[in-house]
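Below is the structure I would like to discuss, written out as structure tokens.
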Amino acid sequence: VKVTDFGDAVMVKAGNMKLTFDKLSGKVLNISGGGCPDIPYLHAKMADRPLAELPRPRDAGRTLCALMLDRAFVESLEIWKKG
């Protein structure tokens with residue numbers, strides 16, 4: 001897992017998946033990477049919603065990409081909760 005701070009946003013990368021969220025609101029700004037068929041579905045379910053209100057990607061996805069997105073999600077949630 002790699003973390004990149006952009007000032008107003010944070011990007012967390014796990015494997016080939018990246019999740020970017022707003023530091024203040026905790027809303028998911030973007031999900032990218034992968035190429036697995038369930039990622040567009042997960043992006044649609046997660047984009048522009050607060051991290052704290054989202055289900056874990058591993059529960060909705062069925063691919064390795066979803067598992068890597070789940071790792072990025074868990075790390076993002078921890079970073080956001082710590083402030």
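Could you list all residues from region 12-38 that are closer than 20 Å to GLU53 by Cβ, without any contact (Cβ under 8 Å) to a residue 40 or more places away in the chain and open to solvent by 40 Å² or more (accessible area, probe 1.4 Å)?
Of everything in region 12-38, those that are closer than 20 Å to GLU53 by Cβ, without any contact (Cβ under 8 Å) to a residue 40 or more places away in the chain and open to solvent by 40 Å² or more (accessible area, probe 1.4 Å) turn out to be LEU24, SER25, LYS27, LEU29, ASN30.
Then there is this: Which count do you get for residues in region 2-28 that are farther than 18 Å from LEU42 by Cβ, of a type in the set (Val, Ile, Thr) and in contact with a helix residue (DSSP H, G or I) (Cβ under 8 Å, 6 or more places away or on another chain)?
Residues in region 2-28 being farther than 18 Å from LEU42 by Cβ, of a type in the set (Val, Ile, Thr) and in contact with a helix residue (DSSP H, G or I) (Cβ under 8 Å, 6 or more places away or on another chain): 2 in total.
Now, a different point. Report, by residue number, each residue of region 64-83 that is open to solvent by 40 Å² or more (accessible area, probe 1.4 Å) and more than 10 Å from the chain's Cα centre (by Cα).
Correct list: LEU64, LEU67, GLU78, ILE79, TRP80, LYS81, LYS82, GLY83.
Are any residues in region 44-62 over 21 Å from LYS82 (Cβ atoms), modelled with pLDDT of 95 or more and open to solvent by less than 70 Å² (accessible area, probe 1.4 Å), and if so, which ones?
Selection gives ALA47 alone.
The values are calculated or read from the model by the stated rules, or taken from the named source; none is laboratory data. Source: prediction; values computed, not measured. In this analysis, Cβ positions are derived from the backbone assuming ideal geometry, glycine residues included, and neighbour counts consider all displayed protein chains. Surface accessibility is based on the protein's heavy atoms, side chains included, excluding ligands, DNA and RNA. Shrake-Rupley method; radii C 1.70, N 1.55, O 1.52, S 1.80 Å.
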